[in-house]
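Written out below as structure tokens is the structure these notes cover.
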């Protein structure tokens, strides 16, 4: 084979390989594998954390309810998603489905520094319910130390959902926190 043919063949291979990494189905598993992250539905923790950018939070001060609301993408983002074969999950954020298979990802997200990821992870653990009982020490410690009132409320609800008897026997009331109009970033 001529050197010129080898050059073009090698360049073509590199372009195809590079293009493959643009597709989320190839990019995210490689990123998660390199970082040693947990996976849920074939996606690593960093993918699920990144998906939080497509959602807004709402914390109702009066009722202390916390909501995660999906933002609708603009038309160009919808076109790009369809072009690359990415289907939008209009059912909501999958980590909040209560699936026990998401436990490892949720436990990794609890350790993230941003409070939005922590609120989502704690709420997801609560939705899993009693099968997330091994997360109780982390949740109790978080409820006792967090400066974020919304995270404190989400943690309390999660603890109650996971082990109602423990929650009723061990009240985790904190007098140093009060509802505020802003959540921690």
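Quick check on residue 102: is it in a helix (DSSP H, G or I), surrounded by fewer than 22 Cβ atoms within 10 Å (Cβ to Cβ), within 19 Å of the chain's Cα centre (by Cα) and touching a residue at least 60 places away in the same chain (Cβ under 8 Å)? Walk me through how you get there before you give the answer.
Values: in a helix (DSSP H, G or I): yes; surrounded by fewer than 22 Cβ atoms within 10 Å (Cβ to Cβ): no; within 19 Å of the chain's Cα centre (by Cα): yes; touching a residue at least 60 places away in the same chain (Cβ under 8 Å): yes.
No: the conditions fail for residue 102.
Scanning for something touching a strand residue (DSSP E or B) at 6+ places or on another chain (Cβ under 7 Å) and under 23 Å from residue 35 (Cα atoms), does region 131-149 turn up at least one residue? Please lay out each step first, then the result.
So the first thing to find is which residues in region 131-149 are touching a strand residue (DSSP E or B) at 6+ places or on another chain (Cβ under 7 Å), and the list is none.
Checking region 131-149: not a single residue is touching a strand residue (DSSP E or B) at 6+ places or on another chain (Cβ under 7 Å) and under 23 Å from residue 35 (Cα atoms).
Going through 111, 91 one at a time, which residue ends up being surrounded by fewer than 12 Cβ atoms within 10 Å (Cβ to Cβ) and either in contact with a helix residue (DSSP H, G or I) (Cβ under 7 Å, 6 or more places away or on another chain) or modelled with pLDDT of 90 or more (or both)?
Numbers: 91 fails: either in contact with a helix residue (DSSP H, G or I) (Cβ under 7 Å, 6 or more places away or on another chain) or modelled with pLDDT of 90 or more (or both).
Going through 111, 91 in turn, the sole match is 111.
Going residue by residue through region 71-79, is there one that turns out to be in the same structural domain as residue 125 (by TED's automatic domain parsing), within 14 Å of the chain's Cα centre (by Cα) and either at pLDDT 90 or above or farther than 22 Å from residue 153 by Cβ (or both)?
Here is the first cut: in region 71-79, the residues in the same structural domain as residue 125 (by TED's automatic domain parsing) are 71-79.
In the following step, the residues that additionally are within 14 Å of the chain's Cα centre (by Cα) were identified as none.
For region 71-79, residues in the same structural domain as residue 125 (by TED's automatic domain parsing), within 14 Å of the chain's Cα centre (by Cα) and either at pLDDT 90 or above or farther than 22 Å from residue 153 by Cβ (or both): absent.
Just the residues that are crowded, with 22+ Cβ neighbours inside 10 Å and touching a residue at least 40 places away in the same chain (Cβ under 8 Å), please, taken from region 117-128. Quick ask: steps written out before the conclusion?
So the first thing to find is which residues in region 117-128 are crowded, with 22+ Cβ neighbours inside 10 Å, and the list is 118-126, 128.
Selection gives 119, 120, 123.
The values are calculated or read from the model by the stated rules, or taken from the named source; none is laboratory data. In this text, all values refer to a predicted model and were calculated from it rather than measured experimentally. So basically every Cβ, Gly included, is an ideal-geometry build from the backbone, and we count neighbours across all protein chains shown.
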